Amino acid sequence: MLYPETGFTKRDAVAYYAAVSKYLLPHLRNRPVSFKRYPDSIHNESFWEKDAPAFTPDWVPRFAVPRRADGSVIDYIVINNARTLKWVAEVGGIELHPFLHRIPHIDRAMAIVFDLDPGPGADLADCCEVALLLREALPLECYAKVSGSKGLQVYVPLNGAGVPHEITEAFARLVAEELARAHPKRIVAKMDKSLRRNKVFIDWSQNADYKTTVAVYSLRAKRDEPLISMPVTWEEVERARGLEWGPEAALKRLAKVGDLFAPVLKKKQKLLGVKAVPRGSSEFLGATSTRGTEEPRGTRGTASPRMPRPKSQSGRRLFVLTRTDSGNELWLDLHGRFKRWLLRRDREGDARLIAMPAGDIPIHPLYYEATVPKEWRDTVTIEDTGAYEIIEGSYAARRFDLWFSGKVMAGQWILQKVEDDAQHRSWSLAPRS
């Protein structure tokens, strides 16, 4: 039940994406995608997935992009077909956020985006007024869509121009700052949130090469009911009302008017004074073997079993399998603390384990290095450690479908409350066959 207040389920989300795929897929084609994943309802934990989860099937296309910090790679999922789109929705990938570039030329923007975000005291109608001012100020044709949350986005298609992100970001910033100077009571272009009251923030930074923006026709998880990021006509922006669509209304609108955002994919425009970058003249250093191909590749074993990072927003979390004075324990990072389970063999002698909750403990930074803190080395031994990911479920739902990337704890496991054991709080832990 993704949206409990409205009864909208994961099955409904999969059905929506199947129905909208012929309109949505052209806007995702050959674009690396970040997606926000909800393994349970929208009110429980959610993760930003950039790296393909470790349980991603081999047939899902991915494209490797080097990290800025340490030279490792991020294996972005590329949603080029309905099968991949369905799989992403099935694992709770509700919000889809593609980049403005296409592979393999990830240094070149295919469009410029202005993200209009209402500050406290402002609303969508204010964003519509600013969008009209923006359209008047721009020297190129532009197209609008509501975000499905509070704001509105204006896209300037470039496509064949091959303009580096550095230039499109600088252009967007210049336009935003000029509008803020011309309309200081209505518009702000600075990042400081304290300046946004009763104003609309024009976020020009969305044009950086590492930023993504919610896809057209994507579901959003910002409210109790599911809303869609939908294209709007400029006449509708001028009216500034009735600009919210749920999944059913969105599909009816598409059947009637078609893809209003199709020109964003096709229209070629040039920024005056900016030369196009010739194909092949600019390479992104450190790209992997998928670099240089027009099509992404599904890759066996792409997802890395490396240790997760502290306070990461991704779905990879730390687990530690320990031996203590009490026997074996499984420690899982949940909400920034280890939740402990004491493990015992099931009396029936099968692979299932009995897991007894044993409280929470703080996560010492040394555990991210697979090392026991000095004060615990006499009583705690690490038997396995690594990353785990929630495929589905939550603690509130009393059931987890988990994927472990360790040596002992590896693959898919089910951790769930034993329903017929209300007196003893027992859970069971078993590998999924």
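In table form, for the structure just shown:
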{"item": "Spin-label proximity, E5 to the stretch 213-236 - amide N less than 15 Å from point 7 Å beyond Cα toward beta carbon", "result": "220-228"}
{"item": "Efficiency of FRET between E136 and A396 - r from beta-carbon atoms, R0 41 angstrom, step 0.05", "result": "0.25"}
{"item": "Options P39, L366, W59, ranked by Cα towards positive dipole end of the chain, top entry (Cβ charges)", "result": "W59"}
{"item": "Ratio Rg/Rh, restricted to the stretch 161-265 and using Cα atoms, in which Rh is the Kirkwood radius", "result": "1.00"}
{"item": "Net charge dipole size for the stretch 358-433 [Lys, Arg +1 and Asp, Glu -1 on Cβ; Debye, nearest 20]", "result": "40 debye"}
{"item": "Share of Cα-Cα pairs in the stretch 67-108 lying beyond 17 Å, as whole percent", "result": "46 percent"}
{"item": "Cα-based equivalent ellipsoid, the stretch 1-117: semi-axes from gyration tensor eigenvalues, Å", "result": "25, 17, 15"}
{"item": "Equivalent ellipsoid dimensions for the chain as semi-axes, Å, which come from the Cα gyration tensor, largest first", "result": "43, 24, 21"}
{"item": "Listed peptides 29-37, 374-382 by packing density, highest first (mean Cβ within 10 Å)", "result": "29-37, 374-382"}
{"item": "Only Lys, Arg (+1) and Asp, Glu (-1) charged, at Cβ; the stretch 1-138 dipole about Cα centre in debye", "result": "780 debye"}
{"item": "Unit charges on C-beta of K, R, D, E only; dipole of the chain, Debye", "result": "760 debye"}
{"item": "Listed residue (W234, S194, V78) projecting farthest to the positive dipole end of the chain, Cβ model", "result": "W234"}
{"item": "Normalised contact order of the stretch 365-433, rounded percent, pairs of Cα under 8 Å and 6 or more residues apart", "result": "19 percent"}
{"item": "Span per principal axis, largest first, for the Cα atoms of the stretch 58-166 (Å)", "result": "46, 33, 30"}
{"item": "Relative contact order of the chain, pairs being alpha-carbon contacts under 8 Å that are 6 or more residues apart, as %", "result": "16 percent"}
{"item": "Cα lying deepest toward the dipole's positive end in the chain, options H97, S428, G121, charges on Cβ", "result": "H97"}
{"item": "Theoretical gain in end-to-end length, K256 to R309 [0.36 nm per residue, Cα-Cα removed]", "result": "14.4 nm"}
{"item": "The chain: angle of helix 247-257 to the longest principal axis, Cα-based, in degrees nearest 10", "result": "30 degrees"}
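A short reminder: the numbers here are calculations on the coordinates, not readings from a lab. Computed from a prediction, not measured in an experiment: that's the story for all the values here. With ideal geometry, Cβ positions are generated from the backbone for all residues, glycine too; neighbour counts draw on all protein chains shown.
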